[in-house]
Number of protein chains: 2
Amino acid sequence: MDKPQHHIFVCASFRAGGEAKGSCHKKNSTEFLPYIENEILDRGLDAQVTSTGCMKACDYGPVMVIYPGGHWYGPVESEDVIDEILDALEDRTVAENYLLS
Amino acid sequence: MDKPQHHIFVCASFRAGGEAKGSCHKKNSTEFLPYIENEILDRGLDAQVTSTGCMKACDYGPVMVIYPGGHWYGPVESEDVIDEILDALEDRTVAENYLLS
């Protein structure tokens, strides 16, 4: 089975029953999923993007976590922020401006 | 911000709109979330469990992925399977019987 080199998780605040009603979702985190998918293709990244239920970092949302690096980012509120994070991923560095430390 | 040593992702097949309707969800993956939460506490693991949208490994579901190790497991269909995977996590090994390779 093919596994991605980078796995990008975007909080969509899903509750167990599926309702998307938490703070990341209210801040429109799911609207960025198609943008991230396209950027992965454009950049030729070996990466997969997955939406998630609440990651319990609501104060910093919308939250994005990238494994296996284990970098937590927020607030991811625009395509520019996503670009900065993906630029860092390509450069094997970290987008310090949005890193949750 | 506290970040978990182990981050356990359980596919719940959420669609972008929040409907949980894919194959992992049909196989009741979300019913295991409280069990995993309890096991984390019982075992004193520094771990967080997060449900996800479709992880595109539907043929092997219900799927569970643990980072930063990057181990993909399936089918995770019972509490016994979860125990075996968490035993391996505690032992810093891999639950070979369910590893998706």
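What you get for the protein assembly as shown, charging only the Cβ of Lys and Arg (+1) and of Asp and Glu (-1), is a dipole of about 540 debye around the Cα centre.
Convex hull over the Cα atoms of segment B:46-101, averaged projected area in nm²? Write out the running numbers ahead of the final one.
Working: hull surface 15.7 nm².
Average of the hull's projected areas for segment B:46-101 equals 3.9 nm².
How much mean residue ellipticity at 222 nm does chain B get from its helices, if each DSSP H run of length 4 or more adds -39500 (n - 2.57) and you divide by all residues, to the nearest 500 deg cm²/dmol?
Taking each H run of at least 4 residues, the total per residue is -7500 deg cm²/dmol.
In chain B, a dipole from Cβ-located charges (positive for Lys and Arg, negative for Asp and Glu) runs towards its positive end, and of B:TRP72, B:PRO62, B:PHE14 it is B:PHE14 whose Cα lies farthest in that direction. Shown for A:GLU77: label points 7 Å from Cα along the beta-carbon vector, and their distances to the equivalent points in the other copies, 4.7 nm in ascending order. All distinct Cα pairs of the protein assembly as shown go into the 1/r average, and the inverse of that average, the Kirkwood radius, is 16.8 Å.
Remark: label point of A:ASP91 defined 7 Å out from Cα along the Cα-Cβ vector; separations to the same position in other copies 4.4 nm, ascending. For the protein assembly as shown, the Cys residues with no second cysteine's beta carbon closer than 4.7 Å are A:CYS54, A:CYS58, B:CYS54, B:CYS58. Dividing the convex hull volume of the alpha carbon atoms of segment B:6-98 by its residue count gives 85 Å³ per residue. Note the angle between two axes, namely the Cα long axis of helix B:79-90 and the longest principal axis of the Cα atoms of chain B, as a number of degrees from 0 to 90, rounded to the nearest 10. Compared with the principal axis, the helix lies near 50 degrees. If both residues of a DSSP beta bridge must be in the protein assembly as shown, then about 60% of such bridges are antiparallel.
Label point of A:ARG43 (7 Å along Cα→beta-carbon): distances to the other copies' equivalent points are 3.3 nm, sorted ascending. In this rough spin-label picture, where each label sits 7 Å from Cα along the Cβ direction, the A:VAL94-A:ASP2 distance is 3.0 nm. Once the Cβ-Cβ distance of B:LYS56 and A:ARG43 is raised to the sixth power relative to R0 = 22 Å, the FRET efficiency obtained is 0.70.
Which of B:MET55, B:MET64 comes first, and how do the rest follow, when ranked by fewest Cβ neighbours within 10 Å? Write out the running numbers ahead of the final one.
Values: B:MET55 25, B:MET64 28.
Ordered from fewest to most neighbouring Cβ atoms within 10 Å, B:MET55, B:MET64 come out as B:MET55, B:MET64.
No lab work stands behind these numbers, since they all come straight from the coordinates. Source: prediction; values computed, not measured. Neighbour counts are summed over all protein chains in view; Cβ atoms, including those assigned to glycine, are modelled from backbone coordinates with ideal geometry.
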